[in-house]
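Chemist: Input: one structure, supplied below.
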Amino acid sequence: MTEALKDKLIDLRDRVDLLLIKQKNRRKHIKAKQVRQQSKTKKLQCAEPLDLQQNQSKDREQNLTKQRRIGMKYLGVVVIIGIFFGALEMGGGLVKAMDLMSLIFVLGIAIGHALGANPGENVITRFGDGCVRGGWLGFLIGIALIAGSEQAAVMNVSHLMAALAVALLTPLYGYFFKIITMQLD
């Protein structure tokens, strides 16, 4: 290496070391500031006398807010279901979007997934995740069955499109139930 290159490397290393020191000092300053703010907050909290009426009114407000949130959750579920089924109806009718075997498959996978929840894990969330996974598994099974059929061998498009439409219902069902469980969670 040339001397100029060595000097540049040494200068660069010195700059990096200086930046690391500045960053370390900045972190110490921020931490000290946080500790001071926490101690001020504790002092203020200890100095206030208890006001029971104020606490009771806060509890009432919190209960009303909680009730409103629960009401909004259920309103959200109703809106989602209404838009979903409205779109299906306007797109050609609900009959075209209903397949009992696909629905049973998705719900079966979802229930099995929910039953495998670990302690402390939310069962509703597990059920929703199982719906999505069941939907995609159903789709893959449907595609495999379509590809192995005699209709695929002769490239009969009218039968293939109908079978593909049924295969696409499982992810649709999976995501529909997932969004409902997200709303309820």
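Chemist: At a threshold of 8 angstrom on Cα-Cα distance, excluding pairs fewer than six apart, so keeping six or more, what relative contact order does the chain reach in percent?
Modeler: 21
Chemist: Would you mind telling me which residue in 38, 62, 151 has the biggest mean-square fluctuation in a Gaussian network model of the chain, where springs connect alpha carbons within a distance under 10 angstrom?
Modeler: Of 38, 62, 151, the most mobile in the Gaussian network model is 38.
Chemist: Quick one: dipole size for the chain, taken about the Cα centre, charges +1 on Lys/Arg Cβ and -1 on Asp/Glu Cβ, in debye to the nearest 20.
Modeler: Taking the Cα centre of the chain as origin, the dipole is about 1600 debye.
Chemist: Would you please put 67-75, 79-87 in order of how densely packed they are, using the mean number of other Cβ atoms within 10 angstrom per residue and starting with the highest?
Modeler: 79-87, 67-75
Chemist: Near residue 72, within a Cβ-to-Cβ distance under 15 Å, what is the net charge of the other residues, with Lys and Arg +1 and Asp and Glu -1?
Modeler: +3
Chemist: If you don't mind, there's one more thing I want to ask. In whole Å, what three semi-axes, largest first, describe the equivalent ellipsoid of the chain built from its Cα gyration tensor (square root of 5 times each eigenvalue)?
Modeler: Equivalent-ellipsoid dimensions as semi-axes: 54, 38, 15 Å.
Chemist: What per residue convex hull volume, in Å³, comes out for the stretch 141-183 when only alpha-carbon positions are used?
Modeler: 46
Chemist: If you don't mind, another one. So how do 97-106, 122-131 stack up, highest first, on mean other-Cβ count within 10 Å?
Modeler: Listed from highest to lowest mean packing, they are 122-131, 97-106.
Chemist: Separation of the stretch 53-131 and the stretch 145-185 by C-alpha centroid, Å?
Modeler: The two parts, judged by their Cα centres, are 22 Å apart.
Chemist: Hey, another quick one. Span-like helices, the chain: DSSP H, alpha-carbon axial extent 27 Å or more, mean Kyte-Doolittle -1.0 or greater, which ones?
Modeler: Counting only whole DSSP H runs, the qualifying helices are 52-90, 123-147.
Values in this text are rule-based calculations from the coordinates and carry no lab data. The structure displayed is predicted, hence computed values, not measured ones. All Cβ positions, glycine included, derive from the backbone under ideal geometry; neighbour counts span all protein chains shown.
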